[in-house]
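Inspection log for the structure reproduced underneath, given as structure tokens.
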Amino acid sequence: MKLKTMTMEWTGNELILIDQRKIPLKEEYMTCKTYEEVAIAIKEMVVRGAPAIGASAAFGYVLGAKKFNVNTFEELKEKMFHVKEVLANTRPTAVNLFWALERMEKTLLNFGKLDGIVEKLEEEAMAIANEDIEANRRMGKFGAKLLKDGDTVLTHCNAGALATVDYGTALGVIRAAVEEGKKIKVYADETRPYLQGARLTAWELMKDGIDVTLISDNMSGWAMKLGKINAVIVGADRVAANGDVANKIGTYMVAVLAKRHGIPFYVAAPTSTIDLNTKTGKDIPIEERRHTEVTHCGGTQIAPDNVKVFNPAFDVTDAELITAIITEKGVVYPPYEENLKKLFEE
Ligand SMILES: CSC[C@H]1O[C@H](OP(=O)(O)O)[C@H](O)[C@@H]1O
């Protein structure tokens, strides 16, 4: 079974990831032959973005199962509990990581025997990957209906093909609208400190020939006040049961500004990012990352040695600031508590 997209390639024995730390200046790849290497790739953000992290962890789980020469299923089960732990202990906020690993473990336990288990797990990882692409395309179509010909959309971070297995969530909505013939312009904010907007979103959209203008994060309010922005679309790392959304740091600020200016604020998220077990945004673990992401920019030090740093990688946007949540099953409007639950009812 094989898979090849802009973000990742599964060869059957290796997971090859484009190194997103190097984009836009270089297109280099990291070849992961072991589950440990996949864990490093997730932790170091070689691959990033909730759905992309989930799919990568699923293939990492397969690499773990391939590694062990065991005589009994019980022995394999023990070893795979460790594989899951190593992959889970990489980044805490994106629920897709845990959703994918739970799904892989359930496949292992339900299969329950040694013979054919690797093929079964590989099938499941491929299903997770292909379902993500399909979900993004469906989500794109639902979301495109919310955009008018000539709209300018502000994006934050990168919720594009690079954040998923392919096509993207927020950028998937923009791609779908453009594919329907709508003239859509994008204002991409740079998204300090990791610069996913400047480095990844601008790169992706220019490759697709989509009109993109780069702004620094502190320009978004003024762009809204000047009437340049018709809508905001962002991705998500975890949607809580009440509709609160954890996403890249700075999302909350953009949402408050959009509310102030009466601009619709949409979140594009597949159901694999919706976590009904997390009641509200207060319960979402927020990753804090190394200080050098803030004290350095492009590898150049921009702050004094030993300066104190606060570097939360995500924030939580309150449900009341969100106009709608675009999913592959349709657009969800408030009351989110009630309407998100319906997505999971048969
Ligand atoms: C489609 S999920 C994209 C989501 O993930 C990003 O975080 P990171 O780059 O740290 O993995 C960001 O929150 C995006 O909105």
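Below are the figures for this structure:
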{"read-out": "For the range 3-136, accessible area per residue (1.4 Å probe, heavy atoms of protein chains only), Å²", "value": "41 Å²"}
{"read-out": "When each of K145/K228; K43/K259; K279/K308; K77/K342 is checked by Cα-Cα distance, pairs over 29 Å", "value": "K43/K259; K279/K308; K77/K342"}
{"read-out": "Proximal charge balance of L147 [Cβ under 13 Å; K/R count +1, D/E count -1]", "value": "+3"}
{"read-out": "Helical segments meeting 18 Å axial Cα length and Kyte-Doolittle -1.0 threshold in the chain (DSSP H)", "value": "50-67, 73-88, 95-111, 117-144"}
{"read-out": "Charge tally in the Cβ shell below 12 Å around I210, where Lys, Arg are +1 and Asp, Glu are -1, I210 excluded", "value": "+1"}
{"read-out": "Of all accessible heavy-atom area on the range 1-157, the percent that carbon and sulfur account for (1.4 Å)", "value": "51 percent"}
{"read-out": "Cα principal axis extents for the range 194-346, largest first, Å", "value": "54, 34, 31"}
{"read-out": "Residue-normalised accessible area of the range 172-268, given per residue in Å² at a 1.4 Å probe", "value": "37 Å²"}
{"read-out": "Ratio Rg/Rh [Cα only; Rh per Kirkwood] for the chain", "value": "0.97"}
{"read-out": "Expected 222 nm ellipticity per residue - DSSP helices of 4 or more, -39500 (n - 2.57), all of the chain, to 500", "value": "-11500 deg cm²/dmol"}
{"read-out": "Partner aspartates and glutamates for K182 [C-alpha distance under 19 Å; skip if fewer than 8 residues away on the same chain]", "value": "D149, D151, E204, D208, D211"}
{"read-out": "Exposure rank, largest accessible area first [K145, K67; 1.4 Å]", "value": "K145, K67"}
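The values are calculated or read from the model by the stated rules, or taken from the named source; none is laboratory data. Since the structure is predicted, the reported quantities are computational estimates derived from the model, not experimental observations. Cβ coordinates were reconstructed from backbone atoms using ideal geometry, including for glycine residues, and neighbour counts include every protein chain displayed. Ligands, DNA and RNA are excluded from the accessible area calculation, which covers all protein heavy atoms including side chains. Shrake-Rupley method; radii C 1.70, N 1.55, O 1.52, S 1.80 Å.
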